Amino acid sequence: MKTAKTVVVILGVVALAVSAVRADEALERAVGARQSLMNLNSFNLGILGDMAKGAVEYNAEAAQAAADNLQALASLNHMALWPQGSDNVSLPGKTRALPVIWEQYPAILEKVEVFRTATASMAAVASDGLEAVQGNIKTVGDACNGCHDVNRAPR
């Protein structure tokens, strides 16, 4: 009987350990997915930013594609990417997301809406010419920074 109890206890400890590992893996997958999303945002914003600065020649087709991509990325449901516990304190070295993000919910969703509005405005005019991109790039960048400046740890 004593051996059976010991086995049950050991199995229980192993099950808890496996559950904790799976929970960490799920959090890390969410962090990886949201970092991929942010990289895609940065890539497409970079295309438009380089055009706006004159670092590359304006190309209506490329500008429209980048703006459409940003708008599509902004329209995704991001909730699964932001589980509680996926911050830089809970997962040190894995993310720069500050724990304050989860304290601001649902107010933080307003920042998401600002980004969605800014990307929709850019997508509506990106192929209209360089001046249209230049006239909208700051709004999109400010929407990104409006969240990152207060919710992301510095490098």
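The values are calculated or read from the model by the stated rules, or taken from the named source; none is laboratory data. Note that the structure is a prediction, hence the values are computed from the model and not measured. We place every Cβ from the backbone using ideal geometry, glycine too, and count neighbours over all the protein chains shown. Just the protein is used for accessible areas: all its heavy atoms, side chains included, with ligands, DNA and RNA removed. Shrake-Rupley method; radii C 1.70, N 1.55, O 1.52, S 1.80 Å.
The test for being assigned to a helix (DSSP H, G or I), aromatic (F, W, Y) and open to solvent by 70 Å² or more (accessible area, probe 1.4 Å) holds for F43. For the range 134-145, a tally of residues being farther than 16 Å from F43 by Cβ and either among the polar types (S, T, N, Q) or open to solvent by less than 20 Å² (accessible area, probe 1.4 Å) (or both) returns 5. For R22, the criteria (1) of a type in the set (K, R); (2) surrounded by fewer than 11 Cβ atoms within 10 Å (Cβ to Cβ); (3) at pLDDT 95 or above hold in every case but one, which is (3).
The one condition from (1) open to solvent by 60 Å² or more (accessible area, probe 1.4 Å); (2) at pLDDT below 95; (3) part of a helix (DSSP H, G or I) that A4 does not meet is (1).
Restricting attention to the range 112-133, and to residues there that are surrounded by 13 or more Cβ atoms within 10 Å (Cβ to Cβ), of a type outside the set (G, A, S) and within 17 Å of the chain's Cα centre (by Cα), which single residue is nearest to S90 (Cα to Cα)? Applying the filter and picking the extreme gives V112.
The set of residues from the range 66-101 being buried (at least 16 other Cβ atoms within 10 Å of the Cβ) and part of a helix (DSSP H, G or I) comprises A66, A67, D68, N69, L70, Q71, L73, A74, L81, I101. Take the conditions among the aliphatic types (A, V, I, L, M) and surrounded by fewer than 15 Cβ atoms within 10 Å (Cβ to Cβ) and apply them to L109. Does it pass? Here the answer is yes, as L109 does meet what is asked.
I'd like to check something: does the range 129-137 contain any residue that is among the polar types (S, T, N, Q) and outside any helix (DSSP H, G or I)? So far as the range 129-137 goes, no, none of its residues is among the polar types (S, T, N, Q) and outside any helix (DSSP H, G or I).
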